[in-house]
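Visitor: Supplied in structure tokens, the structure appears directly below.
Coordinate-derived values only; no laboratory data. Not measured: the values here are computed from a predicted model.
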């Protein structure tokens with residue numbers, strides 16, 4: 001959810017049209033959750049996405065659900081630490097990154113979402129990196145402000161991985 005909020009907030013800061021629509025399963029704590037984010041230069045007709053241009057998947061259940069929905073020519077980003085499956089679609093680009101492993105190397109697997117966000121920003125770039133960093137400061141306040149720098153490093157790690165690992169794309 002935080003990745004979606006950061007993208008939406010960064011888009012608003014840049015004067016873009018944005019929507020953020022969260023969806024929680026019945027098992028809200030510890031269960032699956034997802035959100036749909038649209039960042040556009042023109043008015044958005046609906047926040048509902050039946051055929052997203054991109055999907056970031058953190059687990060096998062999300063992979064199974066969202067990989068088939070990505071629009072032709074779209075992008076699927078997969079945490080290959082937790083998802084061993086490979087996408088059999090040839091009409092989309094798929095990036096496999098051991099995001100949980102990278103986050104753990106940074107000190108905590110909870111930064112996996114930021115590593116995956118870095119991949120997304122490097123491949124799609126709907127908003128500027130500095131706008132996302134600014135949004136981090138909005139969402140990580142109080143005691144959480146101590147996490148801003150490591151979240152920035154995690155985002156950068158995702159960007160760096162894509163720039164240096166040509167085998168991550170399949």
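Visitor: Candidates [x] 1.03; [y] 0.93; [z] 0.98; which is the computed Cα Rg over 2.2 N^0.38 Å?
Guide: Derived directly from the coordinates: [z].
Visitor: Can you tell me how much longer the chain between residue 21 and residue 124 gets when fully stretched, taken as 0.36 nm per residue apart minus their C-alpha distance, in nm with one decimal?
Guide: Working it through step by step, the gained length comes to 35.1 nm.
Visitor: When the helix-only estimate is applied to the chain (DSSP H runs of n ≥ 4, each -39,500 (n - 2.57), divided by the residue count), what is the mean residue ellipticity at 222 nm, nearest 500 deg cm²/dmol?
Guide: -12000 deg cm²/dmol
Visitor: Over the range 95-170, what is the relative contact order in percent, taking alpha-carbon pairs closer than 8 angstrom and at least six residues apart? Please list the in-between numbers first.
Guide: Details: 77 pairs, mean separation 32.7, N = 76.
For the range 95-170, the relative contact order is 43 percent.
Visitor: Subtracting the Cα-Cα distance from 0.36 nm times the residue separation, let me have the gained length for residue 66 to residue 138 in nm, one decimal.
Guide: Computed gain between residue 66 and residue 138 is 23.0 nm.
Visitor: May I pose another question? Can you tell me the relative contact order of the chain? Whole percent, Cα pairs under 8 Å, sequence separation 6 or more.
Guide: Relative contact order, the chain: 19 percent.
Visitor: Nearest 5 is fine: what % of DSSP beta bridges in the chain come out antiparallel, could you say?
Guide: So the antiparallel bridges in the chain amount to around 50 percent.
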